[in-house]
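Notes follow once the structure below has been shown.
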Protein chains: 2
Amino acid sequence: MVRTRATVRDLRRQNRSVLLTALFLDGPLSRLQLSASTGLSAATASTITGELLDEGLLVEAGSVESDGGRPRVLLRVNPAFGHVIGVDVGETGIKVELFDLAMTRLSTVDLPLVEVEPGAVSDLIASGVGSVLAEAGVETSSVLGVGVGVPGTVERGTSAVVHAQTIGWDAVPLEKMIRAAGVEPRLFVENGAKTQGQAEMWFGAGRGAGHAVIVLVGSGVGVAVVTDGVVHRGATSNAGEWGHTTIVYGGRRCRCGVRGCLEAYAGAEAMLGRYREALRHNDPPVDQQSALEELLSSRSAVARRVVEESVGYLGAGIANLVNLFNPERVVLGGWAGLALGARRLDGIIAATAEHALRHPYGQVRIELGRTGPDAVAVGAATLPVAALLETGADPRSVRIPG
Amino acid sequence: MVRTRATVRDLRRQNRSVLLTALFLDGPLSRLQLSASTGLSAATASTITGELLDEGLLVEAGSVESDGGRPRVLLRVNPAFGHVIGVDVGETGIKVELFDLAMTRLSTVDLPLVEVEPGAVSDLIASGVGSVLAEAGVETSSVLGVGVGVPGTVERGTSAVVHAQTIGWDAVPLEKMIRAAGVEPRLFVENGAKTQGQAEMWFGAGRGAGHAVIVLVGSGVGVAVVTDGVVHRGATSNAGEWGHTTIVYGGRRCRCGVRGCLEAYAGAEAMLGRYREALRHNDPPVDQQSALEELLSSRSAVARRVVEESVGYLGAGIANLVNLFNPERVVLGGWAGLALGARRLDGIIAATAEHALRHPYGQVRIELGRTGPDAVAVGAATLPVAALLETGADPRSVRIPG
DNA sequence: CGAGGTTAGTTCGCGCCTAAAAATAAGCCT
DNA sequence: AGGCTTATTTTTAGGCGCGAACTAACCTCG
């Protein structure tokens, strides 16, 4: 539903956005190709690209001969127009990465975190941002924005507020705190599962899908739901708490206090916990990742049963998403999801098929994620880029260097 | 994400849409009030309303004196500009209703259905459409569109195709068939739960909410999810199959063949089935509605346990929706939902609170539906109206009578 | 009862926008 | 060199919303 009035200015903004987005996503294109792919007239495509070239947003990228006629001049987004930074706030440390506008990684910093206290995290982010800029020799003034992926849910008002039960954050005004710690560029705070989903959509297994579900299985489980190319947020940006949907009514108690949550069955922590129970061990492992590897490769009957059951629960959970959202694609990611999927993807797909309705199941393709361990940071860095593309880099709202 | 280029014409179309929508939803308004509420300048509001008056879409609706100055002339959508028809295709009969553009009901026809066979249904719809028009003395040419709410899922391609396992419809090209049966106006075929959700959003308990979930409990259960004012459809319009999400992994077998679906626990059929099992009865009731009334008002321990459990399952199912979609409002509707809710809404709310995460739960209001038994037909009739409002009644795409 | 005040709505000129047509640029081929 | 083909820019025409100035329709007060 259209909600607001439009003025003549909005036209230009929107058409700039359309052109810029086409160039960003589909690489170098000539003016005439742009005209064809966006539907704009050649004249308009020319005027607008001219404007964008003047502003430094675009650069020429060589030319291609055309049979007999004037060769086409290719245009692309100027990688040096500005930079973006992505931050991944984890429970044990933060990762900060600097990219140019073509999303080429220029520098990275990993900083261990002693205690997950909001003030300490904010200071660490500020110092990390300083480090990546210094390392690559990039000016703060050329940074278009800093995206921050955090655990828990993010309430986006005038300034982002974070709620993360697992690390004890209750209504932390993180955006203000990071700003106070000395980070100047525009900030984009978002849930880590959603930033990772964004990365998977732009650069991974989600490419090209309009409706997709990115399932993240790590210690716990999460999901990013993409509808019509947009990550779903809900009324207060809390949407997507898949891990705490009930899948076994009256079942095991989850760390959130409720019985029967999916997360009590399908995350790495839950799998290892059920395995320990079956073996009557008690101490939780020091390193979940290697413990999970061990469980997955064990040939003992107990281990195989635990894994088999987890595959079933996970499949049922995915089937619920398929039935509710009717996506074209499901991407299974997260370190535990990738580990489990590498060995048992067929089993997960079969379990999904068993629990989903025939028709929506017939429309979906289930794949493993294809982004690396820094997906959260990459996804976070895409947020300022997305904002730039959406506004068409409106010179009235975005600072133009020079 | 913006996807297409915009031309000057789009401006006018969008602003017409904004004005028309404001007038439709918020009753008679003066030109100046329109200017204020839409953000358009007074000049533009005036020009566009002038155009719409000329085209017959708007009419003046009296005037209101303003302290000391020229009185304001109120404008509203012309109810006689055109008519819309809503059709509710049920398992035992169809209901056809005719409305004017102010959504005032002009005539109704109920037609019993002997067998739910696509051809018979299409013919019945055609005859019903003829009847309501004849009864009210309305010309076919003034009908802006016919909305049809059907059980099952609707695939919307060039022409709508219906899949409804429960009544044995597999890929029925219903739109083409209704057209072939002689219905001339534009057709809008949609899932009945979604049309009912639409009715609840426009005229019922969903008014004013941007993000809402309309839960429908009848014989089975269904849901319509509204995001940013738009009913969610998914990649192939199959989204929202809440009834067949797993809530008791490995539990009771559902009529869809899977174990543990919500519908195997929470619909009227499931409640009555569990009651019969507990009592070791065998024959399903002739009349589900009165059987459910009886179950709900019975004081026997068995009946009370069955109802209590159903409340729990339903609450958990609603909590899943709250966690996944983070709505501002949940509306409980459907005949069984209203019957159960009338007595046990508090219990349902408590069960939801118990299973949902604190934060999203804190943002939601859970209410009973407020639309009557013809909600599906009313909702279906809103589809052509919504299309009219969205296009701003573009004279280039919509026929203007006269 | 008429002048002045107040609010509602309309008209007009400006600046901005895209599209279509015409003109120009830059290569190839003969 | 001249003609041909394709790409891009310039020119021209028509639409649009906005702000300012203007007109309309009522009231109050002397």
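If r is the Cβ-Cβ distance from A:Arg253 to B:Arg252 and R0 is 22 Å, what FRET efficiency results, to the nearest 0.05?
Values: r = 23 Å, r/R0 = 1.03.
It comes out at approximately 0.45.
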> Any idea how far apart B:Ala120 and A:Ala180 come out in nm if each label point goes 7 Å out from Cα toward Cβ?
Replying inline: 7.2
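I need the semi-axes of the equivalent ellipsoid of region A:8-77: take the C-alpha gyration tensor, multiply each eigenvalue by 5, square-root it, list largest first in whole angstrom. Don't skip to the end; give the middle numbers.
On the way: eigenvalues 81, 33, 22 Å².
Ellipsoid semi-axes (Å, largest first): 20, 13, 11.
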> B:Glu309 to B:Thr7: FRET efficiency via 1/(1 + (r/R0)^6), r the Cβ-Cβ distance, R0 51 Å, to the nearest 0.05?
Replying inline: 0.30
>> Compute the orientation-averaged projected area for region A:255-294 from the convex hull of its Cα atoms and round it to one decimal in nm².
In response: 3.1
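Could you calculate the FRET efficiency of B:Ser290 with A:Thr166 from 1/(1 + (r/R0)^6), where r is the beta carbon distance between them and R0 is 60 Å, rounded to 0.05?
About 0.75, to the nearest 0.05.
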> Could you state the per residue volume, in Å³, of the convex hull enclosing the Cα atoms of chain A?
Replying inline: 172
>> If you take every DSSP beta bridge fully contained in region A:207-370, what fraction is antiparallel? Give it as a percent rounded to 5.
In response: 55
> Once Rh is set to the Kirkwood radius over Cα pairs, what Stokes-Einstein translational diffusion coefficient, in µm²/s, holds for region B:168-207 at a temperature of 10 °C and a viscosity of 1.306 mPa s?
Replying inline: 131
> Bin by bin, in steps of 5 Å, what percent of the Cα pairs in region B:171-255 do you find, going until the bin that has the longest distance?
Replying inline: 3, 12, 19, 18, 17, 15, 11, 4, 1, 1
>> Quick query: amide H of B:Arg370 versus all other amide H atoms, modeled in the peptide plane; which residues come in under 5 Å with a sequence gap of 5 or more or a different chain?
In response: B:Ala205
> Which far-off residues, 5 or more places away or on another chain, put their amide H under 5 Å from the one on A:Val189, with H placed in the peptide plane?
Replying inline: A:Val148
> Considering only A:Gly222, A:Ala356, A:Gly333, whose Cα is most displaced toward the positive end of the charge dipole of chain A, charges sitting on Cβ of Lys, Arg (+1) and Asp, Glu (-1)?
Replying inline: A:Ala356
> If you put +1 on each Lys and Arg Cβ and -1 on each Asp and Glu Cβ, how big is the dipole of the protein assembly as shown around its Cα centre, in Debye rounded to 20?
Replying inline: 20
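Taking the highest mean first, how do the peptides B:259-266, B:68-75, B:56-63 order by number of other beta carbon atoms within 10 angstrom per residue? Could the numbers behind the result be given before it?
On the way: B:259-266: 25.8, B:68-75: 13.0, B:56-63: 16.2.
Going by the mean number of other Cβ atoms within 10 Å, highest first, we get B:259-266, B:56-63, B:68-75.
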> What spacing in nm lies between the two simple spin-label points modelled at B:Val64 and A:Ser141, each 7 Å away from Cα in the Cβ direction?
Replying inline: 5.3
>> Taking every alpha carbon pair in region B:334-400, what does the distance histogram look like in 5 angstrom bins from 0, in percent?
In response: 3, 13, 15, 12, 12, 12, 11, 9, 6, 5, 2
> Residues of A:315-321, mean number of Cβ from any other protein chain within 10 Å of their own Cβ, rounded to a whole number?
Replying inline: 4
>> For B:Asp228, project a label point 7 Å along Cα to C-beta. Then give me every residue of region A:211-230 with its amide nitrogen under 18 Å of that point.
In response: A:211-214, A:224-230
> Given H placed on each backbone N at 1.01 Å, which residues far from A:Arg259 in sequence or on other chains put an amide H within less than 5 Å of it?
Replying inline: A:Cys254
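To the nearest whole number, what is the average tally of beta carbon atoms from other chains within 10 Å of the beta carbons of peptide B:8-15? Numbers along the way, then the final one.
Numbers: counts 2, 0, 4, 6, 1, 2, 6, 5.
Across B:8-15, the average partner-chain Cβ count within 10 Å equals 3.
Determine the gain in length on full extension of the stretch B:Ala42-B:Ala80; use 0.36 nm per residue of separation and subtract their C-alpha separation, reporting nm with one decimal. Don't skip to the answer; put the middle values down first.
Details: separation 38, 0.36 × 38 = 13.68 nm, distance 2.66 nm.
Result for the pair: 11.0 nm of gain on full extension.
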> Mean shadow of region B:283-402, computed from the convex hull of its alpha carbons, in nm²?
Replying inline: 11.6
> Per Stokes-Einstein, at 4 °C and 1.567 mPa s, what whole-number D in µm² s⁻¹ belongs to the protein assembly as shown, with the Kirkwood radius over Cα pairs as the hydrodynamic radius?
Replying inline: 45
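Please give the calculated 222 nm ellipticity per residue for the protein assembly as shown, where each DSSP H segment of at least 4 residues contributes -39500 (n - 2.57) and the sum is spread over every residue; nearest 500 deg cm²/dmol? Walk me through the numbers before you get to the answer.
Details: 26 runs with 344 residues, N = 804.
Value at 222 nm, helices only, nearest 500: -13500 deg cm²/dmol.
If the viscosity is 1.002 mPa s and the temperature 20 °C, what translational diffusion coefficient in µm²/s does Stokes-Einstein give for region B:207-370 when Rh comes from Kirkwood over Cα pairs? Mind showing how you got there, number by number?
On the way: Rh = 16.0 Å.
Answer from the Stokes-Einstein relation: 134 µm²/s.
Counting only other chains, and only Cβ atoms inside 10 Å, what mean value do you get across the residues of B:346-359? Can you show the working numbers first?
Details: counts 0, 0, 0, 0, 0, 0, 0, 0, 4, 9, 6, 12, 5, 10.
Average per residue, whole number: 3.
No lab work stands behind these numbers, since they all come straight from the coordinates. Everything quoted here is computed from the prediction, not taken from an experiment. When we count neighbours, we look across all protein chains shown, and the Cβ atoms used for this are built from the backbone with ideal geometry, even at glycine.
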